[in-house]
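Novice: Dumping the structure here so I can ask a few things about it.
The values are calculated or read from the model by the stated rules, or taken from the named source; none is laboratory data. Bear in mind the structure is a predicted one, so any value in this text is a computation, not a measurement. Counting neighbours? That spans all protein chains shown, and the Cβs are built from the backbone with ideal geometry, glycine included.
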Amino acid sequence: MNKPTNELMQMLHTEEQIETYLSQNKEEFLDVPLCSYLNQLLTNYAVPKNEVIKRSCLNQIYAYQIFAGTKHPTRDKLIALIFGFPLHLADAQRLLRVGQVSELYPRKKRDSIILFGLQKNLSIQEVDDLLFELGEETIV
């Protein structure tokens, strides 16, 4: 993924044949299975899967099923995994996109609290405490 989204939109707008656009931009699509991306992140961040799962506070069996590709998680489950790694913001947003859920958006109060926790390297429990204190739905 090298091209900005706005550039892809411009190319899509001006292209006469969808097949040409698709072949020229095949490396730009989010066609990676979620389980493959999660396992790639394990390698990139050099963290053991069991540690990510433990820090995410997810049910262990369910989390292993996510990594195996047999369960499709909700947005909150993916956010919990983000804190389990913990991921840098760009990788966190990409994980949410690959998981086909909305990215964290700073104009939403709950998402702002989550983003704050991610930037401050808080644990999932600390972020949940903040969310609860500020009247927002917790993650786990």
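Novice: So, in the range 123-140, exactly how many residues are crowded, with 17+ Cβ neighbours inside 10 Å and charged (D, E, K, R)?
Specialist: Of the residues in that region, 2 qualify.
Novice: Okay, moving on. Only residues that are at pLDDT below 95 and among the β-branched types (Val, Ile, Thr): list them for the range 32-87, please.
Specialist: Result: VAL32, single match.
Novice: Could you tell me whether ASP111 is assigned to a helix (DSSP H, G or I), within 16 Å of the chain's Cα centre (by Cα), surrounded by 13 or more Cβ atoms within 10 Å (Cβ to Cβ) and touching a residue at least 60 places away in the same chain (Cβ under 8 Å)?
Specialist: no
Novice: I've got another one for you. Taking the range 30-69 on its own, how many of its residues are among the small types (Gly, Ala, Ser) and in a helix (DSSP H, G or I)?
Specialist: 4
Novice: Let me ask something additional. Could you give me the residue pairs with C-beta distances under 7 Å whose first residue belongs to the range 1-24 and is acidic (Asp, Glu), whose second residue is surrounded by 12 or more Cβ atoms within 10 Å (Cβ to Cβ) and assigned to a helix (DSSP H, G or I) wherever it lies, and which are 6+ apart or on separate chains?
Specialist: Within 7 Å, the pairs are GLU15/TYR21.
Novice: When you look at HIS72, is it surrounded by fewer than 16 Cβ atoms within 10 Å (Cβ to Cβ) and not in a helix (DSSP H, G or I), yes or no?
Specialist: When the stated conditions are applied, HIS72 passes them.
Novice: Under the condition of being surrounded by 14 or more Cβ atoms within 10 Å (Cβ to Cβ) and not polar (S, T, N, Q), which residue from the range 15-31 is modelled with the lowest pLDDT?
Specialist: This residue is GLU28.
Novice: For the range 9-51, how many residues meet the condition of being touching a Phe, Trp or Tyr at 6+ places or on another chain (Cβ under 7 Å) and under 21 Å from LEU78 (Cβ atoms)?
Specialist: So the count comes out to 7.
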